[in-house]
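The structure appears below as structure tokens.
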Amino acid sequence: HAKSRGRNGVALFEPGMLSDAEGRLTLERDLGQALDNGELSLHLQLQVDGARMPSGAELLMRWRRKDGSSVPPDVFIPVAESSGLIVALGDWVLREACLAWHVLDRAGHRFPLSVNVSPMQFRQHDFVTRVEAILHETGVPPGQLIFEITEGLLIDRLDQTIERMHALAALGIRISIDDFGTGYSSLSYLTRMPLYELKIDKSFIRDTPHDKNGTAIVQSILAMASHLGLRVVAEGVETSAQAEYLAAHGNACMQGYLFHRPMPLEALLAELQAAPQASLSAA
Ligand code: C2E
Ligand code: MG
Ligand code: MG
Ligand code: MG
């Protein structure tokens, strides 16, 4: 098997492994049972505002197999998409997000939670109805949820996508474009959509501030978002130089290892409880 062991004994799956049809089928079969087997969990990663205070959190799926090995989302999410499993997983993530929101809210930490929605999920004809049902069932104020979609959804069937965004916005849900700047879609769509937020892809943040091309893109996104009245989140902020650059050029929220790593809800609660302003000393 094209499986290698990392330093701490965690199995690493090489992307090349997926070209192996057998390996892919195994992964698909195992993923189909992972939810029932209790192998899936969600981590939350806090975002901070310009004052370094918590302003939201993104839910990120984790798959830890019974043998202790972990499969990264970049490997299993594409499998979940191509097999259709993402529809059931997506419902599960949304329901878990709503439960997590209540736990945080009861502990005195009210901020919106961001959920990744894959194109396959978004395109289900009954997607909006399912979302509405989960909101109703859990009683989370819809304005407390942000759906992150990728530019892949904007390439074809744009009219259908926009119509669906409006239906979600009518429920009160906020829409964010994830990995912004990495797709090939036209910018003219931005004004036709009920958008709330743009997330600057971490590849551009990685090049900031030392690389001229990276910073040019970051500055353009910040300026455009400001003109359009959109919130911006910079993802993958790892250094104080990046955080300072962002603070000097706009008012983006930040998500990255410099401030908070993705972690289970209990750990996040402990972090918020123990030192809500701990991130102030990070930069
Ligand atoms: P994403 O939505 O763009 O999520 C941000 C990714 O950046 C996460 O990777 C997060 O752990 C990582 N990250 C955060 N801060 C830093 C940093 O400072 N440096 C670096 N290098 N990385 C950072 P993760 O958790 O591995 O997830 C990868 C992708 O898998 C996500 O990218 C998203 O596209 C997908 N994904 C994860 N959970 C879900 C889910 O529940 N549903 C769907 N449809 N996709 C998901
Ligand atoms: Mg995301
Ligand atoms: Mg992203
Ligand atoms: Mg990404």
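The values are calculated or read from the model by the stated rules, or taken from the named source; none is laboratory data. Keep in mind that this is a model prediction, so the values were computed, not measured. Positions of Cβ are generated from backbone atoms using ideal geometry, with glycine treated the same way; all protein chains shown enter the neighbour counts. These accessible areas exclude ligands, DNA and RNA; they are computed on the full protein's heavy atoms, side chains included. Shrake-Rupley method; radii C 1.70, N 1.55, O 1.52, S 1.80 Å.
Using the Cα gyration tensor of the chain, with a ≥ b ≥ c the square roots of its eigenvalues, what is the shape: rounded (a/c below 1.5), prolate (a/b larger than b/c) or oblate (neither)? Because its axes are fairly even, with a/c under 1.5, the chain counts as rounded.
Looking at segment 198-246, the accessible area is 46 square angstrom per residue; that uses a 1.4 Å probe and ignores ligands, DNA and RNA. Centroid-to-centroid, using Cα positions, segment 87-124 and segment 140-182 are 14 Å apart. Projecting label points 7 angstrom from Cα along Cα→Cβ for Ser82 and Ile155 puts them 1.5 nm apart.
Overall shape: oblate for segment 59-141, with the ratio a/c of the largest to smallest alpha carbon gyration tensor axis at 1.5 or above and b/c at least equal to a/b.
Of all the accessible heavy-atom surface of the chain, with the other protein chains kept in place and a 1.4 Å probe, what percent is carbon and sulfur? So the carbon and sulfur contribution to the accessible surface is 52 percent.
Shown is the FRET efficiency for Ala170 and Arg29, computed with R0 = 35 Å from the Cβ-Cβ distance and rounded to the nearest 0.05: 0.35. Using a probe of 1.4 angstrom and keeping all protein chains present, the accessible surface of segment 41-183 works out to 39 square angstrom per residue. The convex hull defined by the C-alpha atoms of segment 82-185 has an orientation-averaged projected area of 6.7 nm². Each label point was placed 7 Å from the Cα along the Cα-to-Cβ direction; for Asp126 and Asn251 their separation is 4.3 nm. Among the chymotrypsin sites (Phe, Trp or Tyr not before Pro) within segment 173-233, those in coil by DSSP and having at most 11 neighbouring Cβ atoms inside 10 Å are Tyr184.
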